[in-house]
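In what follows, a single structure is set out as structure tokens and then discussed.
The values are calculated or read from the model by the stated rules, or taken from the named source; none is laboratory data. Values in this document were obtained by computation on a predicted structure and should not be read as measured data. As a convention, Cβ positions derive from the backbone with ideal geometry for all residues, glycine included, and neighbour counts pool all protein chains shown. Quick note on the areas: whole protein, heavy atoms, side chains included, nothing else; ligands and nucleic acids left out. Shrake-Rupley method; radii C 1.70, N 1.55, O 1.52, S 1.80 Å.
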Amino acid sequence: MTTPMLTSDQQASILLVDDMEDNLVALEAVLGSLNEPLVRARSGEEAMKALLRRRFAVVLLDIRMPGMDGFETATNIKRLDQTKDVPIIFLTGTDSDDAGFAFRGYATGAADYLTKPFDPWVLRAKVTVFLDLHRKSQQLERLLAREKQQFDAVTARLASIEHQLAQAPDPDVRELRHHLTRMEATLRTMRRP
């Protein structure tokens, strides 16, 4: 079974954040078959720059890094309006304090937490879920934008008709104008969030 080709606006980038080259290579090997753009960052600072330049479906974030560690990076990601909704999967070595690190990871807003070495199938499955959610979110945004355009077009057309009817002296036309005004008010009410 072949996977349909996605257009560039349907692709969901994945940010890989780790200071160790071997770990980045391993992540790329595991996730390469998803056919989505994989973007590398070797530090928390690089990750923040990448997040401000483009949208990501998910961030795979190492906890132990020099400089800005994974917890601090996650805190900064969740602090910004532009990036606060990007899901984060924390990755850490098995020698870490699992319970304490996991708690701290979830407390900083992580969606998931995996210890290295991780099962490649599990990681791929988790990332796939976030890719699907990202695509559905983008689809919903497009539908809402289209609906808003249609709503605005109907409202503008009603306003134009109302203006034309206001010029007519006939009492039946004035009654029709009254109904159009009420419809326009209903449309404005429906458009409000």
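Here are the numbers for the structure shown:
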quantity: Residue that is farthest from V30 (Cα to Cα) [pool: residues in the range 119-140 that are open to solvent by less than 100 Å² (accessible area, probe 1.4 Å) and more than 22 Å from the chain's Cα centre (by Cα)]; calculated: D119
quantity: Yes/no for L143 being surrounded by 15 or more Cβ atoms within 10 Å (Cβ to Cβ) and closer than 30 Å to F56 by Cβ; calculated: no
quantity: Hits in the range 113-136 (condition: modelled with pLDDT under 90 and either farther than 13 Å from P87 by Cα or charged (D, E, K, R) (or both)); calculated: L114, T115, K116, P117, F118
quantity: Subset tally (residues that are in a loop (DSSP other than H, G, I, E, B) and either closer than 15 Å to D18 by Cα or among the aliphatic types (A, V, I, L, M) (or both)) for the range 28-49; calculated: 2
quantity: Qualifying positions in the range 82-100 - modelled with pLDDT of 75 or more and either open to solvent by less than 80 Å² (accessible area, probe 1.4 Å) or among the β-branched types (V, I, T) (or both); calculated: T83, V86, P87, I88, I89, F90, L91, T92, G93, G100
